[in-house]
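The values are calculated or read from the model by the stated rules, or taken from the named source; none is laboratory data. From a predicted model like this one, the values you see are computed outputs, not experimental measurements. Neighbour counts run over all protein chains shown; Cβ positions are idealised from the backbone, glycine included. These accessible areas exclude ligands, DNA and RNA; they are computed on the full protein's heavy atoms, side chains included. Shrake-Rupley method; radii C 1.70, N 1.55, O 1.52, S 1.80 Å.
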Amino acid sequence: MKDTLTAVTGAVVPFHHSVLDEGGISKLVLGYAHCGMVAAARWIARGITPCLLQAVTQCPEYQIKIVGHSLGGGTAALLTYILREHTEFSTTTCVAFAPASCMTWELAESGKHFVTTIVNGADLVPTVSTASIDDLRSEVTASSWLNDLRDQIQ
């Protein structure tokens with residue numbers, strides 16, 4: 001049920017990514033992301049940050065890798081962006097299997113060196129986004145078969 005509610009919340013919210021280097025923030029990437037997935041990623045980050053801080057202190061040679069699939073893949077990617085803004089987690093990486101579309105192009109490009117996505121060429125979930133649905137709606141309403149369908153229904 002929580003996954004359904006997250007997916008239904010298809011609105012976008014501002015989501016900004018600070019790129020860290022040794023001297024602090026070197027770049028700020030501005031964009032938008034899926035509201036439900038951002039909320040889920042922030043909720044997870046709040047819950048796991050204390051445990052992760054303890055883990056990286058005890059085992060500094062370990063690296064954090066976030067993994068997710070479908071809706072969880074999009075959430076995992078966003079969680080990785082959030083965690084990487086903490087100096088202690090700046091090497092966190094993500095593997096997302098068939099992630100749901102969850103962020104604007106500029107944000108996605110800024111994460112290509114730490115988020116790896118794996119998509120089956122025929123998978124629908126990673127290709128569906130608000131923009132693609134809007135495009136489909138425009139194409140359907142502009143096509144000639146819509147009038148034919150209306151005539152047949154009447």
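Worth pointing out:
- Of the set (1) aliphatic (A, V, I, L, M); (2) surrounded by fewer than 18 Cβ atoms within 10 Å (Cβ to Cβ); (3) touching a Phe, Trp or Tyr at 6+ places or on another chain (Cβ under 8 Å); (4) under 26 Å from Pro14 (Cβ atoms), all apply to Val128 but (3).
- Residue count for the range 67-78, restricted to those that are at negative phi and surrounded by fewer than 24 Cβ atoms within 10 Å (Cβ to Cβ): 5
- Total residues in the range 70-122, condition basic (Lys, Arg) and either in contact with a Lys or Arg (Cβ under 7 Å, 6 or more places away or on another chain) or farther than 22 Å from Val13 by Cα (or both): 0
- Residue check for Leu53: over 21 Å from Thr116 (Cβ atoms) and at pLDDT 95 or above: yes
- Of all residues making up the range 79-88, the number that are farther than 16 Å from His113 by Cβ, in contact (Cβ under 8 Å) with a residue 40 or more places away in the chain and surrounded by 18 or more Cβ atoms within 10 Å (Cβ to Cβ): 1
- Residue check for Leu79: among the aliphatic types (A, V, I, L, M), touching an Asp or Glu at 6+ places or on another chain (Cβ under 8 Å) and modelled with pLDDT of 90 or more: no
- The condition of being at pLDDT 95 or above, closer than 21 Å to His16 by Cβ and of a type in the set (A, V, I, L, M, F, W, C) holds for only one of Cys102, Cys94, Cys35, that being Cys94.
- Test: residue in the range 5-17 that is over 14 Å from the mean Cα position of the chain (by Cα), closer than 14 Å to Gly111 by Cα, in a strand (DSSP E or B) and at pLDDT below 90: no
- Filtered residue count, the range 89-107, keeping only those that are in a helix (DSSP H, G or I) and surrounded by fewer than 19 Cβ atoms within 10 Å (Cβ to Cβ): 2
- Candidate set: the range 63-73, residues that are touching a helix residue (DSSP H, G or I) at 6+ places or on another chain (Cβ under 7 Å) and modelled with pLDDT under 95; chosen: the one farthest from Thr116 (Cα to Cα): Leu71
- Filter result (open to solvent by 30 Å² or more (accessible area, probe 1.4 Å) and either touching a strand residue (DSSP E or B) at 6+ places or on another chain (Cβ under 8 Å) or not in a helix (DSSP H, G or I) (or both)) within the range 36-62: Cys59, Pro60, Glu61, Tyr62
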